[in-house]
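Worksheet for the structure shown next.
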Amino acid sequence: MKEFALIFRLNDMKDFQPSPEQMQERMNWLGSIAAQNKLADKGNTLLPIPGSAKTVKPDHVVTDGPYTEIKEFISGYIVVRTETIDEAVEIAKANPIFKIGGSIEVREVLKRD
């Protein structure tokens, strides 16, 4: 099996504070993945708000945030274990983040031997 990171993105800071119902829906989604033994890592499911990150570049140049040119921000991630990226995408499609205008980026996690 391969591992895939599901990276959660939101467009608006107000979406970063989910209601109790939205949190329960998300927990149910995570529970269903865990029940299938496909949850490899819950990760840090909530990442710092925009403006609280810095990027260090060559020559020790420091800039605000990881991607100052994008309008959305990363709100968290998990790692799932599936056979293919298409299966990981199907898992992502069931996430309730889409109800609040969010998106999910799916990336394969490369393992070093």
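Could you say which residue among Glu69, Glu25 is more than 13 Å from the chain's Cα centre (by Cα) and modelled with pLDDT of 90 or more? Outline the logic, then answer.
Values: Glu69 fails: modelled with pLDDT of 90 or more.
Being more than 13 Å from the chain's Cα centre (by Cα) and modelled with pLDDT of 90 or more holds for just one of Glu69, Glu25, which is Glu25.
Given the structure, is Gly43 closer than 25 Å to Leu110 by Cα, surrounded by fewer than 17 Cβ atoms within 10 Å (Cβ to Cβ), modelled with pLDDT under 80 and in contact with a Phe, Trp or Tyr (Cβ under 7 Å, 6 or more places away or on another chain)?
Working: closer than 25 Å to Leu110 by Cα: yes; surrounded by fewer than 17 Cβ atoms within 10 Å (Cβ to Cβ): yes; modelled with pLDDT under 80: yes; in contact with a Phe, Trp or Tyr (Cβ under 7 Å, 6 or more places away or on another chain): yes.
Judged against the criteria, Gly43 is a match.
Listed residues Ala40, Ala34, Ala5; which is assigned to a helix (DSSP H, G or I) and under 20 Å from Val79 (Cβ atoms)?
That would be Ala34, the only listed residue that is assigned to a helix (DSSP H, G or I) and under 20 Å from Val79 (Cβ atoms).
What number of residues within the stretch 73-97 are touching a strand residue (DSSP E or B) at 6+ places or on another chain (Cβ under 8 Å) and either of a type outside the set (A, V, I, L, M) or in a strand (DSSP E or B) (or both)? Steps first, please.
If we filter the stretch 73-97 for residues that are touching a strand residue (DSSP E or B) at 6+ places or on another chain (Cβ under 8 Å), which is where we start, we get 73-85, 88-89, 91-92, 95, 97.
Those still in the list that are either of a type outside the set (A, V, I, L, M) or in a strand (DSSP E or B) (or both) too: 73-84, 95.
Total meeting the criteria: 13.
Can you tell which of Gly31, Gly51 is at pLDDT below 75 and either surrounded by 12 or more Cβ atoms within 10 Å (Cβ to Cβ) or not hydroxyl-bearing (Ser, Thr, Tyr) (or both)? Spell out the reasoning first.
Working: Gly31 fails: at pLDDT below 75.
So the residue among Gly31, Gly51 that is at pLDDT below 75 and either surrounded by 12 or more Cβ atoms within 10 Å (Cβ to Cβ) or not hydroxyl-bearing (Ser, Thr, Tyr) (or both) is Gly51.
If you take the residues of the stretch 8-22 that are under 15 Å from Ile74 (Cα atoms) and modelled with pLDDT of 80 or more, which of them is surrounded by the fewest Cβ atoms within 10 Å (Cβ to Cβ)? Reasoning before the result, please.
To start, the set of residues in the stretch 8-22 that are under 15 Å from Ile74 (Cα atoms) comprises 8-18.
After this cut, where a residue has to be modelled with pLDDT of 80 or more as well, the list is 8-10.
Working: Phe8: 22, Arg9: 17, Leu10: 20.
So the residue we want is Arg9.
The values are calculated or read from the model by the stated rules, or taken from the named source; none is laboratory data. Predicted, not measured: the structure shown is a model, and the values here were computed from it. When we count neighbours, we look across all protein chains shown, and the Cβ atoms used for this are built from the backbone with ideal geometry, even at glycine.
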